[in-house]
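Notes to accompany the following structure.
The values are calculated or read from the model by the stated rules, or taken from the named source; none is laboratory data. Everything numeric in this text was worked out from a predicted model, so none of it was measured. Here the Cβ positions follow ideal geometry from the backbone for every residue, glycine too, while neighbour counts run over all protein chains shown. Heavy atoms of the whole protein, side chains included, go into the accessibility calculation; ligands, DNA and RNA do not. Shrake-Rupley method; radii C 1.70, N 1.55, O 1.52, S 1.80 Å.
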Amino acid sequence: MKLVAKLLLAIAAAVVATNVAVAETSYLLFDDDDELHGCINCNSFNSQSICNEFGRFGSEFSSASIWNDFGTVGSEYSAASPWNDFGKGLKVVDGAGRYYGRLTMNIGVSDRIDAFDPWFKAYKALKKPELVRKLICDGT
């Protein structure tokens, strides 16, 4: 099963990498079932981008988006959500399949990526993922 998951991860990373002309290295979000939840650093016109408000991973209405506060990875009550103080969050993997750690507010997760702390501070202040998306993606 792990081999299948790794192959699917590699295929998804390759598909995303071929669609990204601007970002040299794509940083992708995956849940523990290795389901893709978007690209962190892809431009907002990329269909895989978490900043594409009309795309699957950038829309506040998509169940696969971290910006949907009712979705499985956007709700502060879901263990897979980066906004859950007690959850594991999402894995951050580059286009080549290298693992970097987890996007999570939970400071108890040993492989948590501290570089995302500004996102979490914004979330705690605003309490709305869609407002955090605007702040992060639009700079407003």
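Quick notes on this structure:
- Residue match in segment 118-140 (condition: touching a helix residue (DSSP H, G or I) at 6+ places or on another chain (Cβ under 7 Å), more than 16 Å from Phe30 (Cα to Cα) and among the polar types (S, T, N, Q)): yes
- Of the strands (runs of 3 or more DSSP E) contained entirely in segment 21-140, those carrying at least 3 residues that are under 11 Å from the mean Cα position of the chain (by Cα) fall at 27-30, 36-39, 90-94.
- Contact map, segment 74-91: first residue under 12 Å from Ile107 (Cβ atoms) and open to solvent by 20 Å² or more (accessible area, probe 1.4 Å), second residue polar (S, T, N, Q) and modelled with pLDDT of 95 or more, Cβ cut-off under 7 Å, separation 6 or more or different chains; pairs are Asp85/Asn106; Phe86/Asn106.
- Restricted to segment 124-140, and to residues there that are within 20 Å of Ser63 (Cα to Cα) and hydrophobic (A, V, I, L, M, F, W, C), the residue that is most open to solvent (accessible area, probe 1.4 Å) is Leu131.
- If you go through segment 95-138 and keep only what is in contact (Cβ under 8 Å) with a residue 60 or more places away in the chain, among the aliphatic types (A, V, I, L, M) and touching a strand residue (DSSP E or B) at 6+ places or on another chain (Cβ under 7 Å), you end up with just Leu103.
- Scanning segment 96-114 for residues that are of a type outside the set (Phe, Trp, Tyr), out of contact with any Leu (no Cβ under 7 Å at 6 or more places or on another chain) and within 21 Å of Leu36 (Cα to Cα) gives Ala96, Arg98, Gly101, Thr104, Met105, Asn106, Val109, Asp111, Arg112.
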